[in-house]
Structure formats: structure tokens, C-alpha cells
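Structure, as C-alpha cells:
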Amino acid sequence: MRLLVLYQARDATADQPGYYDGFERLTAEGQLQAHAAIPYRVVAEERGWQALWDDAESAARDADAVLLQFFHSPMPDPGERILRIRNLPNHPLIFASLGDPYGRWSHRVPRSFRVASRLAEASFLSGMGYVARQLLRSGGRNLVLMPLGCCQVRFSSAPAEPASNPEFDACFVGSRISCRNPFSHFYPVSRRRAEFVAAFTKRYGRRFGLFGHGWEGNPAWQGAVPYLSQLDVYRRSAVVLGGMPNALHDYYASDRPFIAIASGVPLLDYWVRGVDRILEPAHDWWLARDLKQMLGLCDRLLEMPSGERLRIGAAARERVLAHHTQYHRCEAMVEIMKSLLRARREGRLAPPPELNFLGRSHESESVSEAIAGWRG
């Protein structure tokens, strides 16, 4: 299969290195015949959206499939140009992927992606639940869970060992969200994150490492930390805290949990329905239903001998790097694309994908909720 990817990037190798590397590796391994890349943001910004679609249409003439990666940037209605690509003489199949979190009532999935999903052969979503239902109402079909993963380019190199006598008992990397509109999706998120930080500051004082923007005046605040330096910060702590997620639709997890686990330090995070089927609780990470449970689980992790914590963290790191990197997500997407491409060429319907990244203990329930509107 020859794949063209329109990357949400100004430079695909710099802005989306895990996905670019993933598709390049799959090409080198023979799972793809070819991988072509267009960083759609830089082309649109410098030459305009018409030029972007002209480039995409030209490149798609040599493709079997086109992936509109994280296709939710502000843009004019893409429907007419997607149809033109779909109706080229070679009839490439269109796929779309969604990466950001979205709300139920406000900050909903943007129109650009709803249009793309309606015209796509399948859409890969970082979460399901109400987001999938929004897309189904807009005409989307073959919606498939595709969690974000750890970037293997930036975060899989052999680490320095986490400290056996760490500087912090617990640390959190995340900025303060400012929102005063009580009707906004981000209002309860911002309030709960502030409550979370206040509670851990009170419990652990200066043994709590707080990193990010907007926490000035908090005695635990250590300043902001560059994105690529996250692992260095996590390895200064006995426990890593995930903090309040930015969305609560089923199965949603940002790339942060996978990156944090790659540090080799145990991760404690908030439960979101379904995420315990992607990574196993008390094995890969620890999940809390509320702030009280979050504090209690942190105390329990800190009561463990440091050697036991380090062993658990190292084992979880190995599992994430073996199964949950962006390379693995590229591999899963390519398998689904190829299955649909074979089915179209043979004039039949494709069966639902297996989604091997989901835990086996909940397999039947997980797959049924992690795929929506499948029509093959």
C-alpha cells in the first residue's frame, strides 16, 4: 500500500517525529510500499489552503490511501477537495485521525474533522464515548479507537536510572488552566486541576514538585519544563502524577501517560472510563476515581520500598515501549487501512479490526465500545 499523509505539522520530522518515523519504519520493513508526507500547516500558512489541496491532489494520484493526520486545525470547509481526491482515477481511500480532547457541550469536535470523518473510509480517534456519538450524528462511520502513544523518537532512549533517593515524593508537570466561563468545557477541568494541586501541596509541601506555567506563588512550584525534558523531571521523583485530564470521553488519554511511564517511575493518574483496558491498573499505572483516592494511592506507593517501586516502574516502561509507542499506532492504522483497501478491491465488506492494544481480560467488551458505526 502506498500511503500519503497530510501531517498536522510545519515540519513532519520535527513536529510529528514519532508518526513520521513510524510510517518510515513500516516502509523499510515492507509493510508499506511507499510513504509520502505533506506538512499541511506550513503549506496552508505560507501558500494558502488551495495550494495545499492542489499539492495533496497531485500527490494522491500515486497513493492507495491518504491519511488526514490530526485534521482539526482551523481551516475552510475541506469537503469539496476531499471528494476530488477520493474521485481521482486511482480512487485512493481517505482516512482521518483525531488527536485533541473535546467536550460534550462546548469545545466540540470542529467542523473540519466532522466533514473529513463523514467522507473518510475510517477515522481513528484518541477517545470514544460522546465524541464518537458526535461524529456518528454528523455521518461518520467506521470510527476506531487509536490512543495516542509515546513518541519513540523523543522518549525511548536508554535513560539514566531514576533516583533511589529522589528529590520529590511526587511531581506533576502541567500548566494551570485559566477559565472563568462556567459554561465552558474547560471550567470544571481548570477548577479540579487547581484543587488537585492545592491538595498535593498541602499533603507533601516542598516534597511535591510542581512544574508548569501559571503556578507562581505556590511553594512547590519549580517553574516550567520544556516538553523534551519531561523524563528528566519525572526521574527526580518517587511517583509521577498525571493530574486532571482535559477531557472525559471514554478511553481518552493524551500522550502524557505513555511518556510518563517511559520514565521508569510509577505513574498515578485519574481514571477515565475505558483507559484501564489500554494500560493495566496496578501493573502499568495506578488509577484514582477522585482526589481522596489519589492522595491515598500516592501514600501507598510511597510506603513501598524504593527498590520495589523502581522494579515496577522499569517493567511498566518496557511494556509501553514494546506495545504503546507511536510506531505501534502507525502499525495498527496501516493494518486497518490495508484490510479496508483489500475489501474494496475484492468487492466485499471488511471485518471490524481486532485492536490488539486493548487488554485481553476485557476483550469482548472493549472492542465493542472501541469501535463505532462499523459498516466495513
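The values are calculated or read from the model by the stated rules, or taken from the named source; none is laboratory data. Keep in mind that what you see is a predicted model, and the values were worked out from it rather than measured. A quick note on method: Cβ atoms are made from the backbone with ideal geometry, for glycine too, and the neighbour counts reach across all protein chains shown.
Taken over the stretch 10-33, the residue count meeting the criterion of being free of Cβ contacts under 8 Å to residues at least 60 places away in the same chain and not in a helix (DSSP H, G or I) is 6.
Checking each residue in the stretch 196-222 for being surrounded by fewer than 17 Cβ atoms within 10 Å (Cβ to Cβ) and more than 25 Å from the chain's Cα centre (by Cα) picks out Ala198, Ala199, Lys202, Arg203, Gly205, Arg206, Glu216, Gly217, Asn218, Pro219.
Where helices (runs of 4 or more DSSP H) fall entirely within the stretch 246-348, those with at least 2 residues that are modelled with pLDDT of 95 or more and more than 23 Å from Tyr102 (Cβ to Cβ) are at 291-303, 306-323, 326-346.
Kindly evaluate Cys171 against the criterion of being in the same structural domain as Val272 (by TED's automatic domain parsing) and touching a residue at least 60 places away in the same chain (Cβ under 8 Å). It would help to see each step written out before you state the result.
Working: in the same structural domain as Val272 (by TED's automatic domain parsing): yes; touching a residue at least 60 places away in the same chain (Cβ under 8 Å): yes.
Judged against the criteria, Cys171 is a match.
Evaluate the stretch 91-107: report whether one residue or more is in a loop (DSSP other than H, G, I, E, B), in contact with a strand residue (DSSP E or B) (Cβ under 6 Å, 6 or more places away or on another chain) and in contact (Cβ under 8 Å) with a residue 60 or more places away in the chain. Checked against the condition, which is being in a loop (DSSP other than H, G, I, E, B), in contact with a strand residue (DSSP E or B) (Cβ under 6 Å, 6 or more places away or on another chain) and in contact (Cβ under 8 Å) with a residue 60 or more places away in the chain, the stretch 91-107 yields at least one hit.
Give me the residue from the stretch 280-294 that is surrounded by 12 or more Cβ atoms within 10 Å (Cβ to Cβ) and acidic (Asp, Glu) and, out of that set, farthest from Gly242 (Cα to Cα).
Out of the qualifying residues, it is Glu280.
The residues on offer are Ala51, Ala59, and the sole one that is without any contact (Cβ under 8 Å) to a residue 24 or more places away in the chain, farther than 23 Å from Leu125 by Cβ and of a type in the set (A, V, I, L, M) is Ala51.
Residues of the stretch 253-279 that are out of contact with any Phe, Trp or Tyr (no Cβ under 9 Å at 6 or more places or on another chain) and buried (at least 22 other Cβ atoms within 10 Å of the Cβ): Ala253 alone. Annotation note: Cβ proximity below 8 Å between a residue of the stretch 322-341 that is closer than 19 Å to Glu24 by Cβ and a residue that is of a type in the set (S, T, N, Q) (sequence gap 6+ or interchain) occurs for Thr325/Gln152; Thr325/Ser156; Gln326/Gln152; Tyr327/Gln152; Glu331/Gln31; Ala332/Asn356; Met333/Ser97; Val334/Gln31. Within the set Gly174, Gly139, Gly149, the sole residue that is modelled with pLDDT of 95 or more, buried (at least 19 other Cβ atoms within 10 Å of the Cβ) and among the small types (Gly, Ala, Ser) turns out to be Gly149.
Any chance the stretch 32-40 includes a residue that's more than 26 Å from Pro352 (Cα to Cα), among the β-branched types (Val, Ile, Thr) and modelled with pLDDT of 95 or more?
Checked against the condition, which is being more than 26 Å from Pro352 (Cα to Cα), among the β-branched types (Val, Ile, Thr) and modelled with pLDDT of 95 or more, the stretch 32-40 yields at least one hit.
Which of the following residues is surrounded by fewer than 23 Cβ atoms within 10 Å (Cβ to Cβ) and either assigned to a strand (DSSP E or B) or among the β-branched types (Val, Ile, Thr) (or both): Ala59, Ala37? Answer to the selection: Ala37.
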